[in-house]
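Q: The structure that follows is given in the form of structure tokens.
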Amino acid sequence: MSALGTTRANAGGFEKQRKIDYDLNLALAKAAKAAGTKAYVLISSSGSSSSSPLGYPKMKGELEDAVKALDFDHTVIVRPGLIVGDRNEMRTAEFVFRKIAGFAGGVSGNKLKDFWAQDADVIAKAAVRAGLNCIEGKEKEKVRVLTQADIVRLGRREWQA
């Protein structure tokens, strides 16, 4: 499983971000494949597409395509929206959206938040549950893309059951 990523600002530019978000992630997936890993879970991003004209979603889509091409028995791509939860650092716009998501979640029992923003711990639980489903033989699809609704279902509801 990989949730490795950084921001363009922290990396010092898009090309340096790509070295982490794409190159290093792909190297980790290749190492997992070489080690005999059967199910691989990749935390990606909502809107990822290798055909996107925008740099970040294009890079994430290209990574998804490259990981799928490694031909694991099962590949799970997790595509969260805005990730909310505790962070050591925060960009201004992100701070504003996180506050809005927190307020929306607080007044609606998460219903107004879950479709566009997911808590980091819910994303992590969904990724683990999806990986376990593969290992336990509960997942029949070779490649599974978890949407934000899937993340909420697997990460919040199934852990409560």
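The values are calculated or read from the model by the stated rules, or taken from the named source; none is laboratory data. Nothing here was measured: the structure is a model prediction, and the numbers come from that model. Backbone-built Cβ (ideal geometry, glycine too); neighbour counts: all protein chains shown.
Q: Give the residues of region 6-44 that are under 22 Å from D73 (Cα atoms) and among the hydroxyl-bearing types (S, T, Y), sorted by residue number.
A: Within region 6-44, Y22, T37, Y40, S44 meet the criteria.
Q: Where in region 13-83 are there helices (runs of 4 or more DSSP H), lying wholly inside it, with at least 3 residues that are acidic (D, E), closer than 21 Å to T147 by Cα and at pLDDT 95 or above?
A: Those helices (runs of 4 or more DSSP H) span 55-69.
Q: Among the residues of region 105-115, are any in contact with an Asp or Glu (Cβ under 7 Å, 6 or more places away or on another chain) and either at pLDDT below 85 or in a helix (DSSP H, G or I) (or both)? Walk me through it before giving the result.
A: From region 105-115, those in contact with an Asp or Glu (Cβ under 7 Å, 6 or more places away or on another chain) are none; that's our starting set.
Within region 105-115, not a single residue is in contact with an Asp or Glu (Cβ under 7 Å, 6 or more places away or on another chain) and either at pLDDT below 85 or in a helix (DSSP H, G or I) (or both).
Q: Another one. Since T7 meets every condition but one in (1) touching a residue at least 24 places away in the same chain (Cβ under 8 Å); (2) surrounded by 18 or more Cβ atoms within 10 Å (Cβ to Cβ), which condition does it not meet?
A: Result: T7 passes all but (2).
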